[in-house]
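First up is the structure itself, then whatever we jot down about it.
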Amino acid sequence: MAQIAKMEFQLELKSSAERFYEIFRSKRYLIPKMCPDLIKNVKIIKGDWETVGSIKEWTCVTDDSETMKEMTEAIDEEKKSMTFRTLDGDITKDYNDTKAILEVSSTGPHARPGCSVKWTLLYEKKNHAVSEPSKYMDFFQAISQSIDAYLSNTA
């Protein structure tokens, strides 16, 4: 029986926790504009931009162009945390189950905002020959930095 594994990283950003979280919470449709080299498209398959259970389809550029369908599984407004479960896409060729968790917290006073972003990836390899999903963690980091740069330039 395969085992659930975990990878995570934390990143300090310049944008406020509120603005960064808001992009993932209710404005994911803006991400292709903020990260055009990384995200080509994101569209709603079921539900809307804000509701648990809603499904989105992403066209991403990791190594090559790939698509992915994800469902918003949980939202915790107080902790500024969201959980996304992968339903379909290229990532499912190597992993039976993947879940990404985003947590955003404030790091600076209101006069000088900043935030800490933590991404956790829970995954189950289809077999032992499959490598760790490092490219997806690199991808989350690149997206976070691109969104931060965009938000910092439009403050």
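Looking only at the range 1-37, count every residue that is surrounded by 13 or more Cβ atoms within 10 Å (Cβ to Cβ), free of Cβ contacts under 8 Å to residues at least 40 places away in the same chain and either among the small types (G, A, S) or touching a helix residue (DSSP H, G or I) at 6+ places or on another chain (Cβ under 9 Å) (or both) and tell me the total.
The number of residues fulfilling the criteria is 2.
So which of I143, I101 is in contact with a helix residue (DSSP H, G or I) (Cβ under 8 Å, 6 or more places away or on another chain) and buried (at least 17 other Cβ atoms within 10 Å of the Cβ)?
I143
Say whether the condition of being touching an Asp or Glu at 6+ places or on another chain (Cβ under 6 Å) and surrounded by 13 or more Cβ atoms within 10 Å (Cβ to Cβ) is met by at least one residue in the range 38-54.
Yes, the conditions are met somewhere in the range 38-54.
Quick one: is M68 crowded, with 16+ Cβ neighbours inside 10 Å, at negative phi and at pLDDT 95 or above?
no
List pairs: first residue in the range 111-134 and over 27 Å from A74 (Cα atoms) and touching a residue at least 12 places away in the same chain (Cβ under 8 Å), second residue part of a loop (DSSP other than H, G, I, E, B) and of a type outside the set (S, T, Y) anywhere in the structure, Cβ distance under 6 angstrom, at least six positions apart or on different chains.
V130/D94
For the subset of the range 12-30 comprising residues that are of a type outside the set (A, V, I, L, M, F, W, C) and assigned to a helix (DSSP H, G or I), which member is nearest to K118 (Cα to Cα)?
So, considering only residues that are of a type outside the set (A, V, I, L, M, F, W, C) and assigned to a helix (DSSP H, G or I), the one nearest to K118 (Cα to Cα) is Y21.
Residues to consider are V61, V52, V42; find the one that is out of contact with any Gly (no Cβ under 6 Å at 6 or more places or on another chain), of a type in the set (A, V, I, L, M, F, W, C) and either in contact (Cβ under 8 Å) with a residue 60 or more places away in the chain or closer than 29 Å to N127 by Cβ (or both).
Being out of contact with any Gly (no Cβ under 6 Å at 6 or more places or on another chain), of a type in the set (A, V, I, L, M, F, W, C) and either in contact (Cβ under 8 Å) with a residue 60 or more places away in the chain or closer than 29 Å to N127 by Cβ (or both) holds for just one of V61, V52, V42, which is V61.
The values are calculated or read from the model by the stated rules, or taken from the named source; none is laboratory data. This structure is a prediction, so every number in the text was calculated from the model and none was measured. For neighbour counting, all protein chains shown are included, and Cβ atoms are generated from backbone atoms with ideal geometry for every residue, glycine included.
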